[in-house]
Amino acid sequence: MLDDDHETWLLDEGDQIIEQKAAKGYSSLTPRARLIYCVWAADYGMRNAGDLTTAADLHPPFLVDGQSAAQELGLPHAAAAFSLTSEELEHQYFDLFDDIIAEIRAA
């Protein structure tokens, strides 16, 4: 996998986190795993439905949890993105995606 293939990386990480969440519960996830799960939920909605409605169906507090985890990890790009309203994040999501993923991967 190329370093800049952020979409594939997110899908692979997301699959592992979904398995962990199913086996041990959401509370077992580390802040980094929680953030990845929130980004995965947002990405799933944006790429499949073109909005964040699906993300809210998959994980209703994805914005709050994503912001909290990003702040806990000291990741400013992710924290700023998850501080946006759902509508703002929908409009800016694909412009923000690479910076968010690069920041998480470097953490």
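The values are calculated or read from the model by the stated rules, or taken from the named source; none is laboratory data. Bear in mind the structure is a predicted one, so any value in this text is a computation, not a measurement. Cβ coordinates were reconstructed from backbone atoms using ideal geometry, including for glycine residues, and neighbour counts include every protein chain displayed. What goes into the accessible areas is simple: the full protein's heavy atoms, side chains included, and nothing from ligands, DNA or RNA. Shrake-Rupley method; radii C 1.70, N 1.55, O 1.52, S 1.80 Å.
Could you give the accessible area per residue of region 48-88, probe 1.4 Å, as a whole number in Å²?
51 Å²
For GLU87, what accessible area in Å² do you get when you roll a 1.4 Å probe over the heavy atoms of the protein chains, rounding to the nearest 10?
120 Å²
Using Cα pairs under 8 angstrom and six or more residues apart, how large is the relative contact order of the chain, in percent?
23 percent
Taking the Cα-to-Cβ direction at ASP12 and at LEU84 and moving 7 Å from each Cα, how far apart do the two end points lie in nm?
2.7 nm
Report in % the part of the accessible area of the chain that belongs to carbon and sulfur, leaving out ligands and nucleic acids; probe 1.4 Å. Before the final figure, lay out each step's value.
Numbers: 2800 of 5670 Å².
Answer for the chain is 49 percent, counting heavy atoms of protein chains only.
Just by accessible area at a 1.4 angstrom probe, what is the order of VAL39, VAL64 from largest to smallest?
Largest accessible area first, the residues go VAL64, VAL39.
Treating only the Cα positions of the chain as identical point scatterers, give the base-10 log of I(q)/I(0) from the Debye formula at each q in 0.11, 0.13, 0.24 Å⁻¹.
With no solvent term, the Cα-only Debye profile gives -0.28, -0.40, -1.52.
If contacts are Cα pairs under 8 angstrom and at least 6 residues apart, what is the relative contact order of region 36-77 in percent?
Relative contact order here is 34 percent.
Report, to two decimal places, the Cα Rg of region 22-69 normalised by 2.2 N^0.38 Å (N = number of residues).
Relative to the 2.2 N^0.38 Å estimate, region 22-69 comes out at 1.09.
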